[in-house]
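What follows is a single structure, written as C-alpha coordinates, with notes after it.
The values are calculated or read from the model by the stated rules, or taken from the named source; none is laboratory data. Bear in mind the structure is a predicted one, so any value in this text is a computation, not a measurement. Positions of Cβ are backbone-derived with ideal geometry, glycine not excepted, and every protein chain shown enters the neighbour counts.
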Amino acid sequence: MAVIFKVRGTRDLLPPETDLWNHVERTARAVFGRYGFGEIRTPIFEDTQLFARGVGEETDIVSKEMYTWEDRARAESERAQSLTLRPENTAGVVRAYIEHKMNETGMLQKLFYIGPQFRRERPQRGRYRQFWQIGAEILGPVWSGAESPLRDAELLEMLATLLNELGVRGWRLELNSIGSATDRPRFIAALREALAPIKDRLSEDNRRRAETNPLRVLDSKAPEDQRLIETLPKIADFLDEESTEHFKQVLAALDACGVRYHVNPRLVRGLDYYTRTTFEFTAPDGSGLGAQNALLGGGRYDGLSEILGGPKAPGIGFAIGEDRLILTLQAQAERDGAATERRLDAFVAPMGLAQNADALALAKELRAAGLSVELGDGMFRLRKSFETADKLAHRMVIVGEDEVKSGIFTVKYFAAGEQSKVPRAELPNALRSLVASGVAGG
Ligand code: HAM
(Lines give C-alpha, C1' and ligand atoms only; values in the text may rest on other atoms or scores of the structure.)
Protein backbone atom coordinates (compact mmCIF):
# COMPACT_ATOMS: atom_id res chain seq x y z
CA MET A 1 0.00 0.00 0.00
CA ALA A 2 1.18 3.50 -0.74
CA VAL A 3 2.30 5.49 2.30
CA ILE A 4 0.26 8.58 3.15
CA PHE A 5 2.28 11.69 3.97
CA LYS A 6 1.40 14.91 5.76
CA VAL A 7 0.01 17.73 3.63
CA ARG A 8 2.48 20.24 2.11
CA GLY A 9 3.18 23.14 4.46
CA THR A 10 2.06 21.28 7.61
CA ARG A 11 4.34 19.89 10.31
CA ASP A 12 4.42 17.10 12.85
CA LEU A 13 5.90 18.27 16.14
CA LEU A 14 7.56 15.40 17.94
CA PRO A 15 9.25 14.90 21.29
CA PRO A 16 11.72 16.06 22.46
CA GLU A 17 11.04 19.22 20.37
CA THR A 18 7.56 19.51 21.88
CA ASP A 19 9.22 20.05 25.30
CA LEU A 20 10.53 23.34 23.94
CA TRP A 21 7.07 24.26 22.59
CA ASN A 22 5.57 23.59 26.00
CA HIS A 23 8.30 25.57 27.74
CA VAL A 24 7.61 28.56 25.45
CA GLU A 25 3.85 28.31 26.03
CA ARG A 26 4.25 27.94 29.78
CA THR A 27 6.49 31.00 29.91
CA ALA A 28 4.03 33.01 27.79
CA ARG A 29 1.11 32.03 30.04
CA ALA A 30 3.09 33.00 33.14
CA VAL A 31 4.07 36.41 31.71
CA PHE A 32 0.53 37.11 30.41
CA GLY A 33 -0.83 36.23 33.85
CA ARG A 34 1.42 38.81 35.48
CA TYR A 35 0.06 41.49 33.14
CA GLY A 36 -3.58 40.63 33.85
CA PHE A 37 -4.49 38.72 30.66
CA GLY A 38 -7.02 35.87 30.60
CA GLU A 39 -7.17 33.13 27.97
CA ILE A 40 -9.73 33.14 25.15
CA ARG A 41 -10.32 30.17 22.82
CA THR A 42 -12.29 30.91 19.68
CA PRO A 43 -13.27 28.37 16.97
CA ILE A 44 -10.75 27.33 14.34
CA PHE A 45 -13.29 28.03 11.57
CA GLU A 46 -15.53 31.04 11.19
CA ASP A 47 -17.94 32.63 8.73
CA THR A 48 -15.84 33.69 5.70
CA GLN A 49 -17.33 37.19 5.92
CA LEU A 50 -15.57 37.75 9.25
CA PHE A 51 -12.16 37.72 7.55
CA ALA A 52 -13.32 39.35 4.30
CA ARG A 53 -14.61 42.32 6.27
CA GLY A 54 -12.20 42.28 9.20
CA VAL A 55 -8.85 41.55 7.55
CA GLY A 56 -9.84 43.13 4.22
CA GLU A 57 -10.79 41.81 0.75
CA GLU A 58 -7.70 43.31 -0.90
CA THR A 59 -5.13 41.79 1.45
CA ASP A 60 -2.98 38.85 0.32
CA ILE A 61 -4.44 36.81 3.16
CA VAL A 62 -8.05 37.15 2.05
CA SER A 63 -7.52 37.36 -1.71
CA LYS A 64 -5.32 34.29 -2.09
CA GLU A 65 -4.39 32.48 1.11
CA MET A 66 -7.58 31.39 2.86
CA TYR A 67 -8.86 27.83 3.14
CA THR A 68 -12.50 28.41 2.33
CA TRP A 69 -15.26 25.95 1.56
CA GLU A 70 -18.97 25.87 1.06
CA ASP A 71 -20.39 24.02 4.05
CA ARG A 72 -23.49 22.09 3.00
CA ALA A 73 -26.71 22.28 4.98
CA ARG A 74 -27.50 19.01 6.79
CA ALA A 75 -31.12 19.76 7.51
CA GLU A 76 -33.97 21.86 6.18
CA SER A 77 -33.48 24.21 9.11
CA GLU A 78 -29.86 24.90 8.14
CA ARG A 79 -28.50 26.90 5.28
CA ALA A 80 -25.34 26.34 3.31
CA GLN A 81 -22.62 28.71 4.45
CA SER A 82 -19.17 29.74 3.32
CA LEU A 83 -16.69 28.87 6.08
CA THR A 84 -12.96 29.57 6.43
CA LEU A 85 -10.15 28.15 8.55
CA ARG A 86 -8.94 31.12 10.56
CA PRO A 87 -5.87 32.77 8.97
CA GLU A 88 -5.40 34.85 12.13
CA ASN A 89 -7.17 35.28 15.48
CA THR A 90 -7.79 39.01 15.97
CA ALA A 91 -11.00 39.06 13.93
CA GLY A 92 -12.30 36.05 15.90
CA VAL A 93 -11.49 37.70 19.24
CA VAL A 94 -13.25 40.93 18.26
CA ARG A 95 -16.24 38.93 17.00
CA ALA A 96 -16.42 37.16 20.37
CA TYR A 97 -16.06 40.51 22.18
CA ILE A 98 -19.09 41.81 20.29
CA GLU A 99 -21.09 38.57 20.53
CA HIS A 100 -20.63 38.28 24.30
CA LYS A 101 -21.27 41.99 24.85
CA MET A 102 -17.99 42.35 26.70
CA ASN A 103 -18.23 46.12 26.23
CA GLU A 104 -21.11 46.16 28.72
CA THR A 105 -18.71 45.40 31.55
CA GLY A 106 -17.19 48.83 30.86
CA MET A 107 -13.82 47.24 31.63
CA LEU A 108 -10.71 46.87 29.58
CA GLN A 109 -10.53 43.32 28.19
CA LYS A 110 -7.09 41.70 28.15
CA LEU A 111 -7.24 38.41 26.27
CA PHE A 112 -4.59 35.98 25.03
CA TYR A 113 -4.70 32.91 22.79
CA ILE A 114 -2.41 30.12 21.66
CA GLY A 115 -3.39 28.09 18.64
CA PRO A 116 -3.01 27.08 14.99
CA GLN A 117 -3.77 29.42 12.07
CA PHE A 118 -4.03 28.53 8.38
CA ARG A 119 -2.77 30.34 5.28
CA ARG A 120 -2.16 28.91 1.82
CA GLU A 121 1.28 30.48 1.43
CA ARG A 122 4.30 29.14 -0.46
CA PRO A 123 5.89 26.92 2.20
CA GLN A 124 9.51 27.48 3.19
CA ARG A 125 11.54 27.55 6.40
CA GLY A 126 9.57 29.66 8.89
CA ARG A 127 6.50 29.80 6.64
CA TYR A 128 3.89 27.09 6.86
CA ARG A 129 0.28 26.54 5.85
CA GLN A 130 -0.65 25.53 9.36
CA PHE A 131 1.35 27.56 11.85
CA TRP A 132 0.97 28.50 15.50
CA GLN A 133 0.41 31.89 16.98
CA ILE A 134 0.67 33.11 20.56
CA GLY A 135 -1.25 36.35 20.62
CA ALA A 136 -2.93 38.86 22.87
CA GLU A 137 -5.44 41.67 22.49
CA ILE A 138 -6.37 44.63 24.71
CA LEU A 139 -9.71 46.24 23.86
CA GLY A 140 -12.63 47.97 25.46
CA PRO A 141 -14.85 51.04 25.37
CA VAL A 142 -13.07 54.39 25.05
CA TRP A 143 -13.73 55.22 28.72
CA SER A 144 -11.86 52.06 29.81
CA GLY A 145 -8.66 53.63 28.49
CA ALA A 146 -8.37 51.20 25.55
CA GLU A 147 -7.22 53.97 23.25
CA SER A 148 -4.50 55.26 25.56
CA PRO A 149 -0.87 55.23 24.33
CA LEU A 150 -0.06 53.73 27.71
CA ARG A 151 -1.62 50.46 26.52
CA ASP A 152 0.56 50.37 23.41
CA ALA A 153 3.65 50.82 25.57
CA GLU A 154 2.51 48.28 28.16
CA LEU A 155 1.95 45.66 25.45
CA LEU A 156 5.35 46.32 23.85
CA GLU A 157 7.10 46.25 27.22
CA MET A 158 5.40 42.91 27.97
CA LEU A 159 6.70 41.51 24.66
CA ALA A 160 10.23 42.66 25.43
CA THR A 161 9.95 40.98 28.83
CA LEU A 162 8.63 37.75 27.32
CA LEU A 163 11.36 37.54 24.67
CA ASN A 164 14.01 38.25 27.30
CA GLU A 165 12.60 35.65 29.67
CA LEU A 166 12.67 33.11 26.86
CA GLY A 167 16.28 34.03 26.25
CA VAL A 168 15.84 35.34 22.68
CA ARG A 169 18.94 37.42 22.02
CA GLY A 170 19.33 40.31 19.59
CA TRP A 171 15.64 40.92 18.84
CA ARG A 172 14.76 44.25 17.31
CA LEU A 173 11.53 46.21 17.73
CA GLU A 174 10.45 48.29 14.75
CA LEU A 175 7.43 50.51 14.99
CA ASN A 176 5.51 53.12 13.11
CA SER A 177 2.26 55.01 13.20
CA ILE A 178 0.04 54.61 10.16
CA GLY A 179 -2.46 57.18 11.39
CA SER A 180 -6.17 57.20 12.00
CA ALA A 181 -8.96 56.04 9.70
CA THR A 182 -9.13 59.57 8.28
CA ASP A 183 -5.36 60.04 7.81
CA ARG A 184 -4.97 56.84 5.86
CA PRO A 185 -7.24 57.57 2.86
CA ARG A 186 -5.42 60.91 2.36
CA PHE A 187 -2.07 59.15 2.43
CA ILE A 188 -3.23 56.37 0.10
CA ALA A 189 -4.52 58.95 -2.39
CA ALA A 190 -1.13 60.69 -2.34
CA LEU A 191 0.62 57.35 -2.76
CA ARG A 192 -1.52 56.43 -5.74
CA GLU A 193 -0.71 59.74 -7.33
CA ALA A 194 3.02 59.30 -6.76
CA LEU A 195 2.94 55.70 -7.96
CA ALA A 196 1.06 56.34 -11.21
CA PRO A 197 4.05 57.67 -13.23
CA ILE A 198 6.60 55.16 -11.87
CA LYS A 199 4.42 52.06 -11.57
CA ASP A 200 5.78 50.42 -14.73
CA ARG A 201 9.31 50.44 -13.35
CA LEU A 202 8.31 48.45 -10.24
CA SER A 203 8.64 44.68 -9.80
CA GLU A 204 5.70 42.67 -11.10
CA ASP A 205 4.16 42.06 -7.67
CA ASN A 206 4.34 45.71 -6.80
CA ARG A 207 2.80 46.82 -10.09
CA ARG A 208 -0.28 44.88 -9.05
CA ARG A 209 -0.16 46.21 -5.48
CA ALA A 210 0.16 49.78 -6.74
CA GLU A 211 -3.41 49.28 -8.01
CA THR A 212 -4.97 47.07 -5.37
CA ASN A 213 -3.18 47.92 -2.11
CA PRO A 214 -0.68 50.78 -2.56
CA LEU A 215 0.33 50.76 1.13
CA ARG A 216 1.88 47.34 0.64
CA VAL A 217 4.29 48.71 -1.96
CA LEU A 218 6.09 50.44 0.91
CA ASP A 219 7.18 47.27 2.65
CA SER A 220 8.26 45.46 -0.51
CA LYS A 221 11.53 43.61 -0.04
CA ALA A 222 12.33 43.44 -3.80
CA PRO A 223 15.77 45.06 -4.28
CA GLU A 224 14.82 46.63 -7.63
CA ASP A 225 12.04 48.62 -5.91
CA GLN A 226 14.04 50.16 -3.10
CA ARG A 227 15.27 53.30 -4.87
CA LEU A 228 11.78 54.11 -6.17
CA ILE A 229 10.20 53.54 -2.76
CA GLU A 230 12.55 56.11 -1.24
CA THR A 231 10.95 58.74 -3.45
CA LEU A 232 7.37 58.03 -2.27
CA PRO A 233 5.51 60.19 0.26
CA LYS A 234 6.04 59.35 3.97
CA ILE A 235 3.07 58.52 6.16
CA ALA A 236 4.45 60.62 9.01
CA ASP A 237 3.70 63.73 6.93
CA PHE A 238 0.02 62.79 6.72
CA LEU A 239 -0.73 62.12 10.38
CA ASP A 240 -3.17 64.48 12.06
CA GLU A 241 -2.21 66.15 15.30
CA GLU A 242 -3.93 63.58 17.48
CA SER A 243 -2.16 60.61 15.87
CA THR A 244 1.18 62.41 16.01
CA GLU A 245 0.70 63.14 19.72
CA HIS A 246 -0.45 59.57 20.40
CA PHE A 247 2.67 58.14 18.77
CA LYS A 248 4.92 60.57 20.67
CA GLN A 249 3.43 59.40 23.94
CA VAL A 250 3.94 55.74 23.03
CA LEU A 251 7.62 56.44 22.36
CA ALA A 252 7.99 58.46 25.58
CA ALA A 253 6.47 55.63 27.65
CA LEU A 254 8.81 53.12 26.00
CA ASP A 255 11.77 55.38 26.81
CA ALA A 256 10.59 55.59 30.40
CA CYS A 257 10.68 51.83 30.86
CA GLY A 258 13.86 51.32 28.87
CA VAL A 259 12.48 49.38 25.89
CA ARG A 260 14.66 50.00 22.83
CA TYR A 261 12.96 50.55 19.48
CA HIS A 262 13.57 51.73 15.93
CA VAL A 263 10.98 53.88 14.19
CA ASN A 264 10.53 52.49 10.68
CA PRO A 265 8.38 54.82 8.55
CA ARG A 266 7.90 52.07 5.97
CA LEU A 267 6.37 49.52 8.32
CA VAL A 268 2.73 49.23 7.18
CA ARG A 269 1.76 45.57 7.86
CA GLY A 270 -0.42 43.42 5.66
CA LEU A 271 -3.84 43.58 7.30
CA ASP A 272 -6.38 46.31 6.66
CA TYR A 273 -7.68 46.81 10.20
CA TYR A 274 -4.60 48.61 11.53
CA THR A 275 -4.65 52.23 12.68
CA ARG A 276 -1.95 54.29 14.41
CA THR A 277 0.73 52.17 16.13
CA THR A 278 1.99 49.18 14.13
CA PHE A 279 5.02 47.10 15.04
CA GLU A 280 7.13 44.04 14.38
CA PHE A 281 9.83 42.29 16.39
CA THR A 282 12.46 40.72 14.16
CA ALA A 283 14.97 37.98 14.87
CA PRO A 284 18.67 38.72 14.42
CA ASP A 285 20.62 37.47 11.38
CA GLY A 286 21.88 33.97 11.87
CA SER A 287 18.65 32.72 13.40
CA GLY A 288 18.12 30.70 10.26
CA LEU A 289 14.84 32.37 9.35
CA GLY A 290 16.10 34.15 6.23
CA ALA A 291 13.46 36.46 4.81
CA GLN A 292 10.87 35.20 7.32
CA ASN A 293 12.55 37.07 10.17
CA ALA A 294 9.40 38.68 11.63
CA LEU A 295 8.99 36.88 14.95
CA LEU A 296 5.78 38.71 15.66
CA GLY A 297 3.64 41.55 14.46
CA GLY A 298 0.78 43.66 15.67
CA GLY A 299 -0.75 47.04 16.11
CA ARG A 300 -3.84 49.11 16.91
CA TYR A 301 -7.21 48.45 15.31
CA ASP A 302 -9.38 51.25 16.65
CA GLY A 303 -12.16 50.78 14.07
CA LEU A 304 -12.33 46.97 13.76
CA SER A 305 -15.22 46.42 16.14
CA GLU A 306 -17.39 48.86 14.16
CA ILE A 307 -16.37 47.24 10.85
CA LEU A 308 -17.72 43.99 12.31
CA GLY A 309 -21.00 45.62 13.34
CA GLY A 310 -20.07 46.14 17.00
CA PRO A 311 -19.82 49.13 19.34
CA LYS A 312 -16.82 51.45 19.34
CA ALA A 313 -14.04 49.42 20.97
CA PRO A 314 -10.51 50.56 20.21
CA GLY A 315 -7.83 47.94 20.71
CA ILE A 316 -4.27 46.83 20.21
CA GLY A 317 -2.69 43.40 19.99
CA PHE A 318 0.00 41.18 18.57
CA ALA A 319 0.63 37.64 17.41
CA ILE A 320 3.91 35.80 17.77
CA GLY A 321 4.75 33.22 15.08
CA GLU A 322 5.49 30.38 17.48
CA ASP A 323 7.15 28.23 14.80
CA ARG A 324 9.59 31.06 14.08
CA LEU A 325 10.24 31.75 17.73
CA ILE A 326 11.10 28.08 18.27
CA LEU A 327 13.37 27.99 15.20
CA THR A 328 15.20 31.03 16.58
CA LEU A 329 15.67 29.45 20.02
CA GLN A 330 16.89 26.22 18.43
CA ALA A 331 19.40 28.02 16.20
CA GLN A 332 20.63 29.93 19.25
CA ALA A 333 21.00 26.78 21.34
CA GLU A 334 22.88 25.11 18.51
CA ARG A 335 25.30 28.02 18.24
CA ASP A 336 25.84 27.90 22.00
CA GLY A 337 26.36 24.15 21.88
CA ALA A 338 23.71 23.94 24.60
CA ALA A 339 22.28 20.54 25.41
CA THR A 340 18.62 20.43 24.51
CA GLU A 341 18.04 16.75 25.13
CA ARG A 342 15.91 15.85 28.07
CA ARG A 343 16.85 13.09 30.45
CA LEU A 344 14.58 11.45 32.96
CA ASP A 345 15.53 11.27 36.62
CA ALA A 346 15.73 7.51 36.73
CA PHE A 347 15.52 4.24 34.85
CA VAL A 348 14.20 1.31 36.90
CA ALA A 349 15.73 -1.96 35.66
CA PRO A 350 14.32 -5.33 36.73
CA MET A 351 17.02 -8.00 36.50
CA GLY A 352 14.68 -10.81 35.49
CA LEU A 353 11.05 -11.43 34.55
CA ALA A 354 10.39 -12.35 38.18
CA GLN A 355 11.18 -8.75 39.23
CA ASN A 356 8.93 -7.03 36.65
CA ALA A 357 6.02 -6.52 39.01
CA ASP A 358 8.28 -5.30 41.85
CA ALA A 359 9.96 -2.88 39.46
CA LEU A 360 6.58 -1.52 38.36
CA ALA A 361 5.59 -0.99 42.02
CA LEU A 362 8.87 0.85 42.69
CA ALA A 363 8.43 3.01 39.58
CA LYS A 364 4.93 3.91 40.76
CA GLU A 365 6.34 4.93 44.16
CA LEU A 366 9.06 7.11 42.63
CA ARG A 367 6.68 8.75 40.14
CA ALA A 368 4.30 9.52 43.00
CA ALA A 369 7.23 11.27 44.69
CA GLY A 370 7.45 13.53 41.63
CA LEU A 371 10.34 11.88 39.78
CA SER A 372 10.35 11.23 36.04
CA VAL A 373 10.92 7.52 35.59
CA GLU A 374 11.16 5.01 32.76
CA LEU A 375 10.71 1.33 33.39
CA GLY A 376 12.87 -1.37 31.80
CA ASP A 377 11.87 -4.99 31.37
CA GLY A 378 13.19 -8.19 32.94
CA MET A 379 13.46 -9.71 29.48
CA PHE A 380 16.39 -7.30 28.69
CA ARG A 381 19.92 -8.54 29.22
CA LEU A 382 21.85 -6.48 31.77
CA ARG A 383 23.87 -4.81 29.03
CA LYS A 384 20.77 -3.70 27.15
CA SER A 385 19.28 -2.27 30.37
CA PHE A 386 22.49 -0.29 30.91
CA GLU A 387 22.58 1.06 27.39
CA THR A 388 18.92 2.04 27.37
CA ALA A 389 19.15 3.65 30.80
CA ASP A 390 22.25 5.61 29.81
CA LYS A 391 20.39 7.05 26.80
CA LEU A 392 17.25 8.01 28.70
CA ALA A 393 18.06 8.85 32.29
CA HIS A 394 20.58 10.34 34.70
CA ARG A 395 20.50 7.30 36.99
CA MET A 396 19.57 3.63 36.99
CA VAL A 397 18.04 1.64 39.86
CA ILE A 398 18.71 -2.08 39.75
CA VAL A 399 15.84 -4.27 40.93
CA GLY A 400 17.12 -7.81 41.59
CA GLU A 401 15.92 -10.54 43.88
CA ASP A 402 18.25 -9.44 46.72
CA GLU A 403 17.27 -5.81 46.42
CA VAL A 404 13.58 -6.59 46.68
CA LYS A 405 14.17 -8.71 49.78
CA SER A 406 16.54 -6.36 51.58
CA GLY A 407 14.93 -3.09 50.50
CA ILE A 408 18.42 -1.75 49.64
CA PHE A 409 18.88 -0.84 45.99
CA THR A 410 21.93 -0.37 43.80
CA VAL A 411 21.85 3.02 42.07
CA LYS A 412 24.14 3.77 39.17
CA TYR A 413 25.02 7.42 38.49
CA PHE A 414 25.92 7.70 34.80
CA ALA A 415 27.60 11.11 34.71
CA ALA A 416 29.91 10.31 37.63
CA GLY A 417 30.37 6.67 36.65
CA GLU A 418 29.69 5.69 40.28
CA GLN A 419 27.27 3.41 42.05
CA SER A 420 26.01 3.10 45.60
CA LYS A 421 23.50 1.27 47.79
CA VAL A 422 20.43 3.24 48.83
CA PRO A 423 17.60 2.19 51.19
CA ARG A 424 14.16 2.30 49.57
CA ALA A 425 12.91 5.25 51.66
CA GLU A 426 15.87 7.37 50.59
CA LEU A 427 15.56 6.61 46.86
CA PRO A 428 13.46 9.66 45.89
CA ASN A 429 16.10 12.05 47.25
CA ALA A 430 19.01 10.10 45.85
CA LEU A 431 17.46 10.04 42.39
CA ARG A 432 16.25 13.61 42.13
CA SER A 433 18.27 15.38 39.44
CA LEU A 434 20.10 18.35 40.83
CA VAL A 435 20.82 19.85 37.44
CA ALA A 436 18.03 21.22 35.25
CA SER A 437 17.99 19.30 32.01
CA GLY A 438 18.46 22.19 29.54
CA VAL A 439 15.97 24.51 27.83
CA ALA A 440 14.02 21.63 26.38
CA GLY A 441 13.43 20.18 29.81
CA GLY A 442 11.63 23.36 30.82
P1 HAM B 1 0.59 38.72 11.03
O2 HAM B 1 1.72 39.67 10.84
O3 HAM B 1 -0.15 38.31 9.83
O4 HAM B 1 -0.38 39.39 12.09
O5 HAM B 1 1.13 37.43 11.76
C6 HAM B 1 1.81 37.54 13.00
C7 HAM B 1 3.01 36.60 13.01
O8 HAM B 1 2.60 35.27 12.69
C9 HAM B 1 4.06 36.92 11.96
O10 HAM B 1 4.95 37.92 12.41
C11 HAM B 1 4.77 35.58 11.84
O12 HAM B 1 5.72 35.43 12.87
C13 HAM B 1 3.66 34.59 12.04
N14 HAM B 1 3.21 34.05 10.74
C15 HAM B 1 2.39 34.62 9.84
N16 HAM B 1 2.20 33.82 8.77
C17 HAM B 1 2.95 32.71 9.01
C18 HAM B 1 3.18 31.47 8.29
N19 HAM B 1 2.60 31.23 7.12
N20 HAM B 1 4.02 30.56 8.85
C21 HAM B 1 4.61 30.79 10.06
N22 HAM B 1 4.41 31.91 10.78
C23 HAM B 1 3.60 32.85 10.26
C24 HAM B 1 -1.53 38.82 12.57
O25 HAM B 1 -1.84 37.68 12.38
C26 HAM B 1 -2.35 39.74 13.45
N27 HAM B 1 -3.58 39.02 13.84
C28 HAM B 1 -1.55 40.15 14.67
C29 HAM B 1 -2.33 41.07 15.55
C30 HAM B 1 -2.94 40.76 16.69
N31 HAM B 1 -2.55 42.35 15.31
C32 HAM B 1 -3.30 42.85 16.27
N33 HAM B 1 -3.57 41.89 17.11
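What to note about this one:
- Residue match in region 295-306 (condition: more than 11 Å from the ligand (Cβ to nearest atom), within 19 Å of Leu108 (Cα to Cα), free of Cβ contacts under 8 Å to residues at least 60 places away in the same chain and part of a helix (DSSP H, G or I)): yes
- Count of region 254-277 residues which are exposed (fewer than 15 other Cβ atoms within 10 Å of the Cβ) and within 18 Å of Pro233 (Cβ to Cβ): 2
- Residue within region 192-210 that is touching a residue at least 40 places away in the same chain (Cβ under 8 Å) and not in a loop (DSSP other than H, G, I, E, B) present: no
- Within region 124-182, the set of residues being in a strand (DSSP E or B), more than 10 Å from the ligand (Cβ to nearest atom) and surrounded by fewer than 22 Cβ atoms within 10 Å (Cβ to Cβ) comprises Arg172, Leu173, Glu174.
- Filtered residues of region 109-122 (kept if surrounded by fewer than 18 Cβ atoms within 10 Å (Cβ to Cβ) and either more than 15 Å from the chain's Cα centre (by Cα) or part of a helix (DSSP H, G or I) (or both)): Arg120, Glu121, Arg122
- Residues of region 82-93 satisfying the condition of being more than 9 Å from the ligand (Cβ to nearest atom) and either assigned to a loop (DSSP other than H, G, I, E, B) or modelled with pLDDT under 95 (or both): Arg86
- Ala73 over 22 Å from the mean Cα position of the chain (by Cα), without any contact (Cβ under 8 Å) to a residue 12 or more places away in the chain and assigned to a helix (DSSP H, G or I): no
So that you can scan it fast, the table gives a plain yes or no per residue for (1) surrounded by 15 or more Cβ atoms within 10 Å (Cβ to Cβ); (2) touching a Lys or Arg at 6+ places or on another chain (Cβ under 8 Å); (3) at pLDDT 95 or above:
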residue: Val3; (1), (2), (3): no, no, yes
residue: Thr18; (1), (2), (3): no, no, yes
residue: Trp21; (1), (2), (3): yes, no, yes
residue: Glu25; (1), (2), (3): yes, no, yes
residue: Val31; (1), (2), (3): yes, no, yes
residue: Arg34; (1), (2), (3): no, no, yes
residue: Thr42; (1), (2), (3): yes, yes, yes
residue: Thr48; (1), (2), (3): yes, no, yes
residue: Ala52; (1), (2), (3): yes, no, yes
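- Flag: Leu20 matches the condition of being outside any loop (DSSP other than H, G, I, E, B), closer than 30 Å to Ser372 by Cβ and not basic (Lys, Arg).
- Consider region 416-442 and keep the residues that are exposed (fewer than 11 other Cβ atoms within 10 Å of the Cβ) and in a loop (DSSP other than H, G, I, E, B). The one that is modelled with the lowest pLDDT is Ala436.
- Hits in region 253-300 (condition: of a type in the set (Gly, Ala, Ser), closer than 23 Å to Glu242 by Cβ and under 20 Å from the mean Cα position of the chain (by Cα)): Gly298, Gly299
- Residue among Leu325, Leu360 that is on the phi < 0 side of the Ramachandran plot, part of a helix (DSSP H, G or I), touching a strand residue (DSSP E or B) at 6+ places or on another chain (Cβ under 9 Å) and surrounded by fewer than 18 Cβ atoms within 10 Å (Cβ to Cβ): Leu360
- Of the residues examined, Ala96 is one that is within 19 Å of Ser305 (Cβ to Cβ), within 16 Å of the ligand (Cβ to nearest atom) and in contact (Cβ under 8 Å) with a residue 24 or more places away in the chain.
- Total residues in region 99-119, condition more than 17 Å from Leu50 (Cβ to Cβ) and either near the ligand (Cβ under 9 Å from one of its atoms) or acidic (Asp, Glu) (or both): 1
- In the set (1) within 15 Å of the ligand (Cβ to nearest atom); (2) out of contact with any helix residue (DSSP H, G or I) (no Cβ under 8 Å at 6 or more places or on another chain); (3) under 30 Å from Val24 (Cα atoms), Phe318 fails one condition alone, (2).
- Any hit, region 333-355, residues being within 16 Å of the ligand (Cβ to nearest atom), under 29 Å from Ala294 (Cβ atoms) and modelled with pLDDT under 95: no
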